[in-house]
1. With a ≥ b ≥ c the root eigenvalues of the C-alpha gyration tensor of segment 6-125, is it rounded (a/c under 1.5), prolate (a/b larger than b/c) or oblate?
2. Test of understanding: ordering 174, 116, 57 by Cβ neighbours within 10 Å, fewest first, what list do you get?
3. May I ask you to sort 79, 431 by Cβ crowding, counting other Cβ atoms within 10 Å and putting the fewest first?
4. Label-point separation (nm) for residue 346 and residue 373, each offset 7 Å from Cα along Cα-to-Cβ?
5. Please order 436, 311 by the number of other Cβ within 10 Å, starting at the fewest.
6. Once the piece of chain linking residue 188 and residue 167 is laid out straight, how much longer is it, given 0.36 nm per residue of separation minus the C-alpha distance between them?
7. Could I get the Rg over Rh figure for segment 333-378? Both from C-alpha atoms, Rh via Kirkwood, rounded to two places.
8. Name the shape class, rounded, prolate or oblate, that the alpha-carbon gyration tensor gives for segment 301-343, where a ≥ b ≥ c are the square roots of its eigenvalues, rounded holds for a/c under 1.5, and otherwise prolate holds if a/b is larger than b/c and oblate otherwise.
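FYI, it's all coordinate maths here, none of it is from the lab. Computed from a prediction, not measured in an experiment: that's the story for all the values here. As a convention, Cβ positions derive from the backbone with ideal geometry for all residues, glycine included, and neighbour counts pool all protein chains shown.
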Ligand code: GDP
């Protein structure tokens, strides 16, 4: 089948050292022929060997657009499995745009967001979960997220799901053939056998689902709010935690208003410090923005870090905070342990059923315990980065929930002594749901939806 030739700027649209314009499709080499002039010789791009790099110029007629390196990857040995040309040019926004325009003028059309990866998928180079993990690799915010995306990209999810599907289809096939040929296939005792198999499948599906909670934490971070009375040491703690990495500020659209989010990396886990305009300029959120407002921030938080000052006694502010965080997931940090202790941990432990950790933001003590406590709170079980399969994608999670439902229906049918064809209907549903994770039996709409999430040029 003939495919049209697409092109896009594959690197970020900001001024940088190098920019890459990528061309893929049946005419990729010909398009490159029309605009590329090698520095030496006059070999045509279509005659050059695959996987070679060439130095020269991109020209629009007589006008030199840029001095470039040209990379050739002929089908099927490319990301899209199509003929692909990558042009490394200077990384100025204007130059990249001009170069892309030239490529388009000479026969390519602009790629849609995610279209390169979509082609890689459609041409069978990667499965759907791998395609989705490409987005995740691009968007990974921290080490954990990157590692889990990369392992997913290598097919960790794919293999696990394939295993499960294999088991399911085997049972469907058995039931179908037993129903077709009751004389030769004895089904006595089969329901008990199937029950055990489905129990095991459910255990695997549940483990994957559980990993998705970890996965969310790893990928998206923990929404965290710091509270404490003025001078308790909130800013000092933030600075200490943020260290060198404190610069990542993203705008995320909140439901009621835009909030600012600052990410802090804590031993591989991201804390998204929920921050409103001025929440940190305001010494005391309870006092200055009112209990109602602070409650709103607390609502949004997965975790509250309450900083108390051990060198003073608890005051009205502390009492209000204690009241406000009673029912939240919270950690109490009793700060300034380097000074004489006026408030002991036991006082806070009595008032709040929360873990109290004694720290000194000034002398950097107690932070390791804070890290470990957060890990224990949010990550179930020991997390190993390399070999565990994490479900980090909401679509995968939903499909697993459906799979779980279908499997439970099978158990239900077994328990109620329903006829065997009842089992196979629900097993088939489970099979299809699992298939949708790796892109088998997915409708085209779904495929399009997934790829439209990609950014341009990927
Ligand atoms: P915030 O108002 O809660 O943000 O508190 P700051 O972080 O601004 O700290 C208030 C004061 O307490 C500053 O003078 C800090 O240097 C001091 N401080 C913060 N943490 C500690 C600590 O662990 N030990 C001591 N001795 N002083 C601290």
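1. Oblate shape, in that a/c is at least 1.5 and b/c is the bigger or equal ratio.
2. Least to most surrounded, the residues fall as 57, 174, 116.
3. Ranking 79, 431 by Cβ neighbours within 10 Å, fewest first, gives 79, 431.
4. So the two model labels end up 1.9 nm from each other.
5. 311, 436
6. Extending this stretch completely gives an extra 5.6 nm.
7. 0.99
8. oblate
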